[in-house]
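Reviewing the structure listed below.
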Amino acid sequence: MDDGFEVIARLPFPKTLPISYATASEVATLRFLKKIDVPMPQVYAWRSTASRESNPVGAEFIIMEKLKGEELAKSWFTLSSTQRFDIARRVVEIENRIFSHTFPKHGSLYLLDDTVDTPSDEAFDSFVVGPTADDLAWYGERASMKLDPWKTAESYMRAIASRGIEFAKRHGKPRYPDVRVAETPLGYPEEHIDLLEKYEMIIPSVLPQDDYLRLPKLRHPDLHPNNTFVKPGTTEIVGIIDWQHACIAPPFLQAGICPVFSREDEPLPTNLKRPTLPDNYSGPSPEEKEIADEPHRQREVQHFYLLCTSQMAREHWDALHSNHSLTRQHLVEQAAVPWRGEVSALRASLINIVDYWHEIAPAGTPCPIGFSDKERELHAEREEEAKGLAEFVSALSDVMGIGEQGWVQSEDFDEAMKKHDELKAQWLASAEGAESEEVRNEVLQWWPFDVKDT
């Protein structure tokens, strides 16, 4: 524009799920957050359907204000401890402002006058809660299955089981996991159905007793330095983007340390004592100091976030430290994963629940499920195999420079593909009998970075 005012046009990737709901929900969420004085970009126009009858662009889009700031990622690693503490304080302030609002249902947020099929008598202001915009809920054939918002935390959890069972019965077929070795057995959807039925049986007892932990609350799905914008040269947050998959869900499932502050390879600290450097820190070489510095910075920013949460967002703090919070979260996360030939993670979560039942369920409640010694032994074998595979894939990913779920920055894509092809060729050449086309085809089925249909 001639006056220097700038806007951004956001078009979702074609593979975004659910593409129309995600677009509509992002618009509504941004407007709601703007309404409660959370720094967000202004939305000027959008279309949540690609039909050319009502949308000449022919694709879903959002036209929004370009934030007058820069990605936190550009300065994150050069900020002082004081500046990082101030960023943590501001993030916790924003989170607490959002957490202070309780919604009528669990799902995702939409505008009342949008195309979401939700009764208008359930609206508040100009908003309604409609189907969740969580992409897993719309995976594959799930997109054709009924999906309504849920009134209670229990109905939210039960819907995960019922939809997973229906999906496996209607569309599941025997298949190998996406990542496997030659010895990996064929998986059967009946295994998944059996575990989901076990999950369904324990829902009433694993729900936390604290009423607050079961209320419908909104939270950003993946807050990190690339979607947090700050005023250049300051710690003032001017906006947060990427709300397209934001869900309204119970705090006992949402509570956690934001990825930007999380030290994921370590357990949650048991106290608020500030981390210190090693005793021999002054002695090592500059190279050794640099190696020690980054883990210390990560622990320090996690400490800042937890300290601010304990002082400014007490309900989130209590949810973080609720009884077996991570155990419950992991159970529900794994139950929500669609059938893809692998059930070890869900089985592990259920076994963990059984083993700590006396600490999780109300006193005197008998556990309705169990696992035999033979089942546990077989599970342990598969877990060990899965652990080795995960380490193998992680090592290859590090060499290729790719992130979680195979993502890579656009400018690094060609180099990542080059390394991928080199590693794949080495993998193939190292196989015994690789001169045989039959062996080569079989070995290629085990390569973890290619899309497989079986």
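Bear in mind that the values in this text are calculations on the coordinates, not laboratory data. Note that the structure is predicted; figures quoted are calculated from it, not measured. Virtual Cβ from ideal backbone geometry, glycine too; neighbours counted across all protein chains shown.
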Taking r as the C-beta separation of ALA345 and PHE5 and R0 as 56 Å, the FRET efficiency to the nearest 0.05 is 0.70
Length-normalised contact order of the chain, Cα under 8 Å, at least 6 apart, in percent, tallies to 18 percent
Mean Cβ-within-10 Å packing, highest first, puts peptides 244-251, 12-19 in the order 244-251, 12-19
At the level of C-alpha centres, the distance separating region 162-218 and region 236-285, in angstrom, is 28 Å
Length gained, GLU377-SER162, 0.36 nm per residue minus C-alpha separation, equals 74.6 nm
Residues whose built amide H sits under 5 Å from the amide H of LEU112, excluding neighbours closer than 5 in sequence, are PHE127, VAL128
With +1 at each Lys and Arg Cβ and -1 at each Asp and Glu Cβ, the charge dipole magnitude of region 210-363 around its Cα centre, to the nearest 20 debye, comes out at 440 debye
Kirkwood Rh over alpha-carbon pairs of region 370-444 plugged into Stokes-Einstein at 37 °C, 0.692 mPa s gives a D in µm²/s of 220 µm²/s
Projecting the Cα atoms of LEU306, VAL179, SER349 onto the charge dipole of the chain, where Lys and Arg contribute +1 and Asp and Glu -1 at Cβ, the residue farthest towards the positive end is LEU306
To the nearest 20 debye, the chain has a Cα-centred charge dipole, built from +1 on Lys and Arg Cβ and -1 on Asp and Glu Cβ, of 1400 debye
Residues whose modelled amide H sits under 5 Å from the amide H of GLY239, counting only those 5 or more places away in sequence or on another chain, are PHE229
Of 85-96, 349-360, ordering from highest average Cβ density within 10 Å down gives 85-96, 349-360
Given backbone amide H placed at 1.01 Å from N, residues whose amide H is under 5 Å from that of ARG10, ignoring those fewer than 5 places away on the same chain, are ILE62, ILE63, MET64
Simple SL model, points at 7 angstrom along Cα→Cβ for ALA143 and ALA363; separation in nm is 5.2 nm
Simple spin-label estimate for MET312/ASP355, 7 Å along Cα→Cβ, in nm, reads 3.8 nm
Packing-ranked peptide list from 99-111, 314-326, highest mean Cβ count within 10 angstrom first, is 99-111, 314-326
Computed ³J(HN,Hα) along region 260-275: with the Karplus parameters 6.51/-1.76/1.60, θ = phi - 60°, integer Hz and x for glycine or proline, the list is 5, 10, 7, 9, 5, 8, 10, x, 4, x, 8, 9, 9, 6, 5, x
Label model pair ILE36, LYS419: point-to-point distance (7 angstrom along the Cα→beta-carbon line) in nm is 4.1 nm
To the nearest 20 debye, region 370-444 has a Cα-centred charge dipole, built from +1 on Lys and Arg Cβ and -1 on Asp and Glu Cβ, of 80 debye
